[in-house]
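One structure is given here, and the rest of the page talks about it.
The values are calculated or read from the model by the stated rules, or taken from the named source; none is laboratory data. Keep in mind that this is a model prediction, so the values were computed, not measured. All Cβ positions, even for glycine, are placed from backbone atoms using ideal geometry, and neighbour counts span all protein chains on display. We work out accessible area using only protein heavy atoms, side chains counted, and drop any ligands, DNA or RNA first. Shrake-Rupley method; radii C 1.70, N 1.55, O 1.52, S 1.80 Å.
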Amino acid sequence: IADPGTGAATLTGPAGSTIVTLQGGASELAGFTIDGGGSNLYAIGYTGGGIASGMALRDLTFRNAGTARFDNISNATFERLTFTGNSALTINQGTDTVLRNIALNGASQGIDLASMDGTTTLANVSVTGGAGGLTLRNAHGTVNATAVTLANITSNALYIVDSDAAISFDATSSINGANGYAVIVEGSQASVFTYAGSITALATRGMEFF
């Protein structure tokens, strides 16, 4: 699906619906807006039984559209995506996944990545405001983060749990202000975590490792 280039098409859906459902394969979505009016279950949903390989989402805007959720994907690319309002991005079981030039501004739950494997790449990703920052659950393989910015999160900004991946954030990454912890690393003793960026904690709780 792609916009023809004459102006951004907008897809909407009724309350509690999934606006776009992907059934598998190398689907590509590009150049339009998904607007859910704040009451949708999912903006995009892929929860197919098989592995979806080669999926690409580019140049999309999500407004109050619920969660863009993807389960069991490989070699997927997400780039130039914008999320606002009641919107979030969730990936469960992704192998060799690229997230590039993604901005969540006041989005509800931030980015939640679970059971990632292979090489997970985050580049120029920002989460500003909203209830959640960036969560890595049960991460494996390698996670390379470049220019990842987490700011003014109302709960925990960076949460790593039950992971054994080699996780690295470069010097251009930053965490600035979180009402919860700036960084939590939980149950991830087998993980190698390197953070070269800056951290400015808003609350009295900065970092916790347990």
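Figure legend. Inter-residue proximity from the range 84-106: first residues more than 19 Å from residue 56 (Cβ to Cβ), second residues in a strand (DSSP E or B) and of a type in the set (Asp, Glu), beta-carbon distance below 8 Å, spacing 6+ or different chains. Indicated pairs: 88/112. Looking across the range 118-171, just one residue is closer than 15 Å to residue 89 by Cα and of a type in the set (D, E, K, R), and that is 137. Being over 19 Å from residue 80 (Cβ atoms), outside any strand (DSSP E or B) and open to solvent by 10 Å² or more (accessible area, probe 1.4 Å) is a property that residue 181 has. When 21, 33, 6 are screened for being surrounded by 14 or more Cβ atoms within 10 Å (Cβ to Cβ) and either of a type in the set (Val, Ile, Thr) or modelled with pLDDT under 65 (or both), only 33 passes. Of everything in the range 181-197 that is under 19 Å from the mean Cα position of the chain (by Cα) and farther than 13 Å from residue 145 by Cβ, the residue that is modelled with the lowest pLDDT is 181.
Among the residues of the range 78-131, the ones that are in a strand (DSSP E or B), within 25 Å of residue 36 (Cα to Cα) and of a type in the set (S, T, N, Q) come to 9 in all.
Let's see how each residue does on (1) over 22 Å from residue 104 (Cβ atoms); (2) in a strand (DSSP E or B):
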site	(1), (2)
146	no, yes
160	no, yes
176	no, yes
190	yes, no
202	no, no
